[in-house]
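These notes are about the structure you will find just below.
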Amino acid sequence: MKHTLSVLVENKPGALMRVTSMFARRGYNIESLAVGPTERHDVSRITIRVDCAQTSLEQIEKQMHKLVNVLRVQELVPGESIERELALLKVAATASKRAELIAMAEAFGARVADLGAESIVFELVGTPEQIDSFEELVRPHGLKELGRTGRLGLHRAAGRANKNRPTVLV
Amino acid sequence: MTGADAILRCLEAEGVTVMFGLPGGAILPLYDAMARGTSVRHVLARHEQGAGHMAEGYARASGEVGVCVATSGPGATNLVTPIADAWMDSTPLVCITGQVRTHLIGTDAFQECDITGITIPIVKHSWLVQDVRELPEVMRAAFHVAQTGRSGPVLVDVPRDIQETEFDFSYPETVSLPGWKPPRRGHPRQITAAAQAVAAAERPILYVGGGVLNAHATDELLALAEKGRLPVVTTLMAKGAFPESHELHVGWPGMHGPKWSNWALNKADVIVAVGARFDDRVTGKLSAFAPGATVVHLDIDAAEISKIRHADVPVVGPLKSVLHELANELEPAQDRTEPWLRQIADWREAYPLRYGEDGPLLKPQRVLEVLEELGGGRDDVVFTTGVGQHQMWAMQYLTCDRPRSFISSGGLGTMGYGVPAAIGAKAARPDATVVCIDGDGCFQMTQQELATAVLEELPIVVVIVNNGYLGMVRQWQDMFFDERFSQIHLTQTLPNYALLAQAYGAVGLTAETEEEFREALEQALSAGRTVVIDARVDPREHCFPMIPAGAAAVDTIEFDASEREVLAP
């Protein structure tokens with residue numbers, strides 16, 4: 001089963017490597033990873049998507065808590081959290097195809113980020129599932145290049161934002 | 001003062017009395033500072049791996065943090081094995097390495113190596129000091145992290161120019177690590193649940209690991225066992241954590257544990273794991289391990305809970321207070337566990353340790369029996385071992401009644417650990433006679449540290465259980481690879497260990513019979529000098545009983561005289 005973990009780490013050299021190294025060493029495969037600043041200059045957020053069983057997830061959380069640079073580990077449970085991803089897609093589009101593709105993109109809320117004689121670059125912010133759908137839709141038209149940021153998430157605005165989910169009573 | 005002087009002032013402030021190391025280019029300023037003066041004794045090793053294992057031996061014998069020092073590049077990479085060893089066995093270690101000057105980092109400079117990167121998977125934390133003003137804080141944090149929570153190794157990498165930079169030094173009183181919050185006490189509700197589980201058990205057992213020693217909780221363990229009349233098995237890491245001559249001690253679990261010990265653990269209805277981690281060498285085939293048992297797991301490290309075996313009652317916290325509170329909640333046992341204890345005693349009688357007593361050659365087990373006779377159960381003897389058959393025989397035949405009197409490489413299984421660990425243990429326990437029980441293969445991996453033992457006046461006794469083979473590999477090739485012996489013959493006579501010892505200024509003795517060995521050992525134990533005894537033993541001996549890797553306790557292979565291996569010509 002797939003899980004999204006939101007990890008707050010001290011903004012220190014090597015912090016990301018310590019987290020990712022733990023995944024590699026313990027044999028867990030990271031599906032996507034997004035790292036960036038938070039509201040505090042000394043704290044970074046790592047959003048990790050991992051495919052593993054529930055018991056492995058608990059093990060991952062506990063192993064991460066042991067890392068000195070890790071401040072907090074939370075699972076972003078579907079329904080209780082917002083997840084978004086940014087994708088850039090370069091699609092083959094001659095002049096005759098342009099209008100059709102742009103109309104399709106509008107239905108998804110994708111914007112035209114760049115336009116050339118032979119192709120269009122779309123940018124799309126959405127749930128990872130929405131991006132999957134859009135990707136599928138444009139693929140037959142000739143998907144030349146694709147880049148995705150990996151998912152980013154936060155707890156929802158209404159309540160439960162600070163809900164910790166301890167797996168072991170300490 | 002300079003960064004280098006500051007490192008020494010930090011060590012002094014932490015109460016460090018001895019460090020183990022070897023100088024080199026990038027750590028020169030620190031060694032120069034030592035020459036200017038420090039209260040910390042420096043023991044000069046012959047190889048950085050030796051320095052690392054000495055620091056481990058020191059830490060394990062003293063219960064304090066071990067400190068080792070090495071230069072950048074190869075000096076630092078030579079520390080990787082001891083760091084990995086300390087990681088696996090939760091030994092508190094502060095490793096200080098020199099690094100190339102900050103402006104050279106990343107340029108593949110001479111003796112540059114990304115040691116913080118290399119060691120990330122095997123340290124609790126590490127620091128590359130980039131500003132000398134951070135140095136005191138980093139050193140303070142390093143000692144704090146190494147010994148709080150689950151103990152383990154940390155590394156501080158200090159570029160040469162940082163060591164040379166002048167700054168205003170002050171040692172911080174507190175440490176600021178917002179992400180480091182080891183549990184401070186066990187949850188009372190969980191402790192009550194644990195007490196209830198133990199009270200309801202008909203066949204309870206305490207399965208004790210090295211965590212009890214790191215937690216300095218051996219008195220609390222003894223009190224709990226006695227109050228509940230609970231039998232105790234101790235792992236290799238915990239040998240001596242519970243007095244082995246105590247009536248409630250029922251041996252050592254695992255691959256080469258006596259059958260009765262494994263029976264007791266596997267047939268228990270409640271297993272209380274205390275600072276132990278259900279290592280595969282203990283459990284064997286997991287699905288067949290103690291299938292009927294309810295598991296109460298007490299550990300400082302939440303990540304050990306249900307990592308291998310599901311814990312029905314987890315208690316995360318420092319073992320000293322957890323064991324104390326658990327004992328308080330437990331009603332005195334009365335006679336409830338007596339039938340179970342009698343059952344274990346019956347197994348003990350039915351399945352004693354056995355070995356072949358045929359032939360004229362000295363038996364390795366006999367060597368251990370003589371060691372036990374002359375040195376076992378003594379307060380003033382500390383044993384260390386290498387890894388392999390001799391280690392398992394040491395576990396089987398030696399009695400250790402005192403915590404920290406048996407020091408062995410458990411998790412990593414590091415051959416060559418014994419000699420340097422013994423030197424470190426001697427530095428921690430100058431009053432004690434430190435005996436390293438080694439194999440001939442192990443000894444040859446770190447034998448150069450005999451020079452350290454002799455010149456630094458840290459005398460040790462080394463007993464080489466010399467069968468001329470990589471014995472445990474030989475045993476596996478014999479038992480599981482159809483006797484196809486491959487690359488294991490070291491020979492019993494090359495090198496001549498007695499002459500080698502003498503070349504290092506130590507006493508070298510050779511023993512080929514029990515009488516010769518007994519005489520040599522008596523001499524060694526009272527010599528007050530470094531002595532190497534080359535005990536030439538029957539190479540055919542296997543270590544039994546044995547649960548093959550991945551098998552269950554019911555698959556135990558015992559010694560069978562009718563299946564004696566014929567020595568290949």
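Here, each number is a calculation from the coordinates, and none is a lab measurement. Worth saying up front: this structure is predicted, and the values here are computed from it rather than measured. With ideal geometry, Cβ positions are generated from the backbone for all residues, glycine too; neighbour counts draw on all protein chains shown.
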Check: Near the amide H of B:V270, under 5 Å away, which other amide H atoms are found, from residues 5 or more places off or on another chain, if H is placed in the peptide plane?
Finding: B:R203, B:I205, B:T294
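Here are some pairs, A:K62/B:K426; B:K227/B:K259; B:K124/B:K227; A:K2/B:K285; which of them have Cα atoms lying more than 31 Å apart in this structure? Don't skip to the end; give the middle numbers.
Details: A:K62/B:K426 37 Å; B:K227/B:K259 26 Å; B:K124/B:K227 36 Å; A:K2/B:K285 29 Å.
Over 31 Å apart, Cα to Cα: A:K62/B:K426; B:K124/B:K227.
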Notebook entry, point to check: Once amide H atoms are placed 1.01 Å from N in the peptide plane, what residues at a sequence separation of 5 or more from B:G66, or on another chain, have their amide H within under 5 Å of its amide H?
Noted result: B:A59, B:L93, B:V94
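Calculate the tail of P(r) for chain A: the fraction of all Cα-Cα distances greater than 20 Å, expressed in %. Spell out each step's value before the answer.
Details: 8308 of 14365 pairs.
Value for chain A (Cα pairs over 20 Å): 58 percent.
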Next item on the list: Please give the average number of partner chain Cβ atoms lying within 10 Å of the Cβ of each residue in A:56-68, rounded to a whole number.
Entry: 5
Next item on the list: Set Lys and Arg Cβ to +1 and Asp and Glu Cβ to -1, take the dipole of chain B about its Cα centre, and tell me which of B:I191, B:A86, B:I460 lies farthest positive.
Entry: B:I191
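Fully extended, how many nm does the chain gain between B:A527 and B:E483 (0.36 nm per residue separation, minus their Cα-Cα distance)?
Contour length minus the Cα-Cα distance gives 11.6 nm.
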Notebook entry, point to check: Mind listing the phi-derived Karplus ³J(HN,Hα) values for region B:240-249, rounded to whole Hz, using 6.51, -1.76 and 1.60 with θ = phi - 60°, and x for any glycine or proline?
Noted result: x, 5, 10, x, 6, 8, 5, 4, 8, 7
Next item on the list: Take peptide B:117-127, look around each residue's Cβ out to 10 angstrom, count Cβ atoms belonging to other protein chains, and average those counts.
Entry: 3
Check: Based on the inverse mean of 1/r over its pairs of different Cα atoms, what is the Kirkwood hydrodynamic radius of region B:3-164, in Å?
Finding: 15.0
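When the gyration tensor of region B:364-543 is built from Cα positions, what are the square roots of 5 times its three eigenvalues, in whole Å, from largest to smallest?
Details: eigenvalues 116, 61, 48 Å².
Taking √(5λ) for each Cα gyration eigenvalue gives 24, 17, 15 Å.
Please report Rg over Rh for region B:188-350, where both radii come from the alpha carbon positions and Rh follows the Kirkwood definition.
Rounded to two decimals, Rg/Rh equals 0.92.
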Checklist line | Calculated diffusion of region B:248-293, Stokes-Einstein form, Kirkwood radius summed over Cα pairs, 10 °C and 1.306 mPa s, µm²/s | finding: 147
Next item on the list: Calculate, in nm to one decimal, what A:L154 and A:L137 gain on full extension: separation in residues at 0.36 nm each, minus their alpha carbon distance.
Entry: 3.3 nm
Next item on the list: Can you work out the PRE-style zone for B:I308? Point 7 Å along Cα to Cβ, and I want the residues of region B:282-300 with backbone N under 14 Å.
Entry: B:282-290, B:297-298
Next item on the list: Find the Cα radius of gyration of the protein assembly as shown, compare it with 2.2 N^0.38 Å by division, and give the number to two decimals.
Entry: 1.08
Check: If you place +1 on the Cβ of every Lys and Arg and -1 on the Cβ of every Asp and Glu, how big does the dipole about the Cα centre of region A:14-170 come out, in debye to the nearest 20?
Finding: 660
Notebook entry, point to check: Using the alpha-carbon centroid of each, what span in Å lies between region B:64-107 and region A:1-44?
Noted result: 25
Notebook entry, point to check: Say R0 is 45 Å: what FRET efficiency, to the nearest 0.05, do B:E202 and A:A99 get from their beta-carbon distance?
Noted result: 0.05
Margin query: Skipping prolines and chain starts, which residues have an amide H placed within reach, meaning under 5 Å, of the one on A:A113, given they are 5 or more residues away or on another chain?
Written below: A:V121, A:F122, A:E123
Check: If packing is taken as the mean number of other Cβ atoms within 10 Å per residue, what is the order of B:86-93, A:76-83, highest first?
Finding: B:86-93, A:76-83
Check: Can you work out ³J(HN,Hα) from phi for every residue in region A:123-138, in order, using Karplus 6.51 cos²θ - 1.76 cosθ + 1.60 and θ = phi - 60°, giving whole Hz and x for Gly and Pro?
Finding: 10, 9, 10, x, 6, x, 5, 4, 5, 4, 5, 4, 4, 4, 5, 8
Checklist line | Residue mean of other protein chain beta carbons inside 10 Å, B:175-183 | finding: 4
Margin query: Kirkwood hydrodynamic radius, computed over distinct alpha-carbon pairs, for chain B: how many Å, to one decimal?
Written below: 24.5
Check: What does the charge dipole of chain B about its Cα centre add up to, to the nearest 20 debye, if the Cβ of each Lys and Arg holds +1 and the Cβ of each Asp and Glu holds -1?
Finding: 940
Margin query: Using the Cα centre of region B:188-350 as origin and beta-carbon charges of +1 (Lys, Arg) and -1 (Asp, Glu), tell me which of B:A288, B:W340, B:A303 is placed farthest towards the positive end of the dipole.
Written below: B:A288
Next item on the list: Enumerate by residue number the GluC sites (Glu not before Pro) in region B:349-385 meeting two conditions: DSSP loop (anything except H, G, I, E, B), and at most 11 other Cβ atoms within 10 Å of the site's Cβ.
Entry: B:E357
Checklist line | Computed E for B:M1/B:D431 - FRET, C-beta separation, R0 35 angstrom, nearest 0.05 | finding: 0.50
